[in-house]
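Structure first, commentary second.
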Protein chains: 2
Amino acid sequence: MSPARPPTDSDTGPVRRPGGRSAEVRRRVLDAVRTHLVEYGYEALGIDAVAERSGVHRTTVYRRWRDVGGLLADVLAEATDDDWRPPDTGSLEGDLHALNSEVYAALTAEPPVTTALIAASFRSAPAADALRSFWADRYDRCAVIVHRAVRRGEVPPETDSRRLLVAATAPLYHELVLLRSAPGARIAAEAARSALLAARAGAFAERGHLPVAAAGSA
Amino acid sequence: MSPARPPTDSDTGPVRRPGGRSAEVRRRVLDAVRTHLVEYGYEALGIDAVAERSGVHRTTVYRRWRDVGGLLADVLAEATDDDWRPPDTGSLEGDLHALNSEVYAALTAEPPVTTALIAASFRSAPAADALRSFWADRYDRCAVIVHRAVRRGEVPPETDSRRLLVAATAPLYHELVLLRSAPGARIAAEAARSALLAARAGAFAERGHLPVAAAGSA
């Protein structure tokens, strides 16, 4: 995602500080992408609009990000690069609730950057790839929540962290993004609680559980 | 969604059978919408393309469906009108697994009509409204799964059917639509099982459960 060629004088400006200048250009451009995406949607997102809004020369934007997909992918790559760590409250329910509160806040935020990025992922393959990487990274980082709970003896040792974390967070994404309902902030606690109860009952430690009993008897 | 005015001779054809003709026109047009959406995406969907593909006069398509949003809304309205009933296997786990198997099949189907409609819902407000109505109707119809389980004594009487059904199905939508992973068909059984275990433990009967315990102790 770095520039394929060094910047020319025309768009580098009088003071050449490669690292700082490059980081500053990226910050301005990605801020412009987020703001423009939220205000006008994916349709209105283009190199020209982003260049104008950010005050960065369009040649620079084009050379570094290539197209709208590249811009969206870098917005998500930037988020993946950050030093975010999952909450550590001392209990599994507390951690899941705190995590869900962050998810809820992101999905109901104004401006709705996250939902705009999700919407864009249905239009742009690079944005979809970047979103997938972003979430994979987030779920990986959250695995420690489950490992700590196993060490505290809260859930069975074989508990699959990914399945537990998806069970805890999926109802929020489903209600807020796809079903477009207004479940209220309590869904963060409720979904954390139900995932906890399922985990305690061994739901995510049942490797090899065969769905024979579920095949139906009617 | 019925025509605002009776069809003219030019697009009605020689034999006038209002009911049959109208249903036949709708069938051809909605088939064309689904096929075109899957093949070329939302961007390429237009009155002209649908008219050409369906062999129905563009004036008829325009008068009855108005625009792409109206076409997508009617595709979903047609699905809502059907006589679909939730599975009845004799057990809650069996019902949830059978339901999830239908969801899994829809989300991994070729051609991917459901995922194309979900993608379109991020572009078109009428399509988003229609999708919301479609899902609301489906979850309403599925409430009987939970009512039967309560009568059988499988879960507590106060169990909230919507929360239980969302917990059972959400992991499939999350993994397949948003996270774009490839969880495999076993996710249908696994998510049914974890929702069942949470329900048995009373997770969806905890009205007024306050997240105090989840506020964190770290």
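What is the Cα coordinate range of the protein assembly as shown on the first, second and third principal axes, sorted by size from largest, in whole angstrom?
So the extents along the principal axes, rounded to whole Å, are 79, 60, 36.
Using DSSP to call loops (not H, G, I, E or B), can you name the trypsin sites (Lys or Arg not before Pro) in segment B:152-191 whose Cβ has at most 16 other Cβ atoms within 10 angstrom?
B:Arg152, B:Arg180
Can you sort A:Thr169, B:Thr89 by how many other beta carbons sit within 10 Å, fewest first? Don't skip to the end; give the middle numbers.
Details: A:Thr169 27, B:Thr89 19.
Final ranking by Cβ density, sparse to dense: B:Thr89, A:Thr169.
Can you give the net charge of the other residues whose Cβ lies under 9 Å from the Cβ of A:Arg123, counting K and R as +1 and D and E as -1? Mind dumping the intermediate values first?
Values: positive: B:Arg123; negative: A:Glu43, B:Glu43.
Neighbourhood net charge equals -1.
Where does segment A:43-119 land on the Kirkwood hydrodynamic radius, alpha-carbon pairs, in angstrom? Kindly include the intermediate steps, with their values, before the conclusion.
Numbers: mean 1/r = 0.0673 Å⁻¹.
Taking every pair of different Cα atoms in segment A:43-119, averaging 1/r and inverting gives 14.9 Å.
For segment B:99-171, state which GluC sites (Glu not before Pro) are in a DSSP loop and have at most 11 other beta carbons lying within 10 Å of their beta carbon.
Working: sites: B:Glu102, B:Glu154, B:Glu158; in loops: B:Glu154, B:Glu158.
In loop regions of segment B:99-171 (DSSP not H, G, I, E or B), the sparsely surrounded GluC sites (Glu not before Pro) are B:Glu158.
For n ≥ 4 DSSP H runs only, could you compute -39500 (n - 2.57) per run for the protein assembly as shown, divide by its residues and tell me the 222 nm figure to the nearest 500? Before the final figure, lay out each step's value.
Working: 20 runs with 274 residues, N = 436.
It comes out at -20000 deg cm²/dmol, rounded to the nearest 500.
Using +1 on the beta carbon of Lys and Arg, -1 on that of Asp and Glu, and nothing else charged, what's the dipole of segment B:17-66 about the Cα centre, debye to 20? Mind dumping the intermediate values first?
Numbers: 11 positive and 6 negative charges, 85 e Å.
For segment B:17-66, the charge dipole is close to 400 debye.
Under a point-charge model restricted to the Cβ atoms of Lys and Arg (+1) and Asp and Glu (-1), what is the dipole moment magnitude of segment A:81-205 relative to its Cα centre, in debye to the nearest 20? Display every interim value, and only then the final one.
On the way: 14 positive and 16 negative charges, 63 e Å.
The dipole of segment A:81-205 has a size of about 300 debye.
Which log10 I(q)/I(0) values, to two decimals, does segment A:81-205 give at q = 0.16, 0.21 Å⁻¹ under the Debye formula with one point per Cα?
Treating every Cα as an identical point scatterer, log10 I(q)/I(0) equals -0.79, -1.25.
Which of the trypsin sites (Lys or Arg not before Pro) found in segment A:42-125 are loop residues per DSSP with 16 or fewer other Cβ atoms within 10 Å of their Cβ? Spell out each step's value before the answer.
On the way: sites: A:Arg53, A:Arg58, A:Arg63, A:Arg64, A:Arg66, A:Arg123; in loops: A:Arg66, A:Arg123.
Here the trypsin sites (Lys or Arg not before Pro) that fit, given the DSSP loop and packing criteria, are A:Arg66.
In nm, to one decimal, how far is the B:Ala109 label point from the B:Thr80 one, both placed 7 Å along Cα→Cβ?
Spacing of the two 7 Å Cα→Cβ label points: 1.8 nm.
Beyond 17 Å, how much of the Cα-Cα pair distribution for segment B:17-66 remains, as a whole percent?
On the way: 333 of 1225 pairs.
Cα-Cα pairs in segment B:17-66 separated by more than 17 Å: 27 percent.
Could you tell me the center-to-center distance, by alpha carbons, between segment B:119-142 and segment B:61-88 in angstrom?
Going from one Cα centre to the other spans 10 Å.
Please report, to two decimal places, log10 I(q)/I(0) for chain B at q = 0.08, 0.14, 0.17 Å⁻¹ as given by the Debye formula with identical point scatterers on the Cα atoms and no solvent.
Normalising to I(0) and taking log10 leaves -0.39, -0.92, -1.14.
Could you work out how far the C-alpha centroid of segment A:92-112 sits from that of segment B:162-211, in angstrom?
18 Å
Which whole-number percent is the relative contact order of chain A (Cα, under 8 Å, 6+ apart)?
Numbers: 229 pairs, mean separation 41.1, N = 218.
After rounding, I find 19 percent.
Give me the net charge for the shell around B:Ala182: Cβ to Cβ below 15 angstrom, other residues only, Lys and Arg +1, Asp and Glu -1. Walk me through the numbers on the way to the answer.
Numbers: positive: A:Arg132, A:Arg162, A:Arg163, B:Arg180, B:Arg186; negative: A:Asp129, B:Glu110, B:Glu175, B:Glu190.
Here the charged neighbours net out to +1.
Values quoted throughout were computed directly from the atomic coordinates according to the rules given, and no laboratory measurement underlies them. Everything quoted here is computed from the prediction, not taken from an experiment. Positions of Cβ are generated from backbone atoms using ideal geometry, with glycine treated the same way; all protein chains shown enter the neighbour counts.
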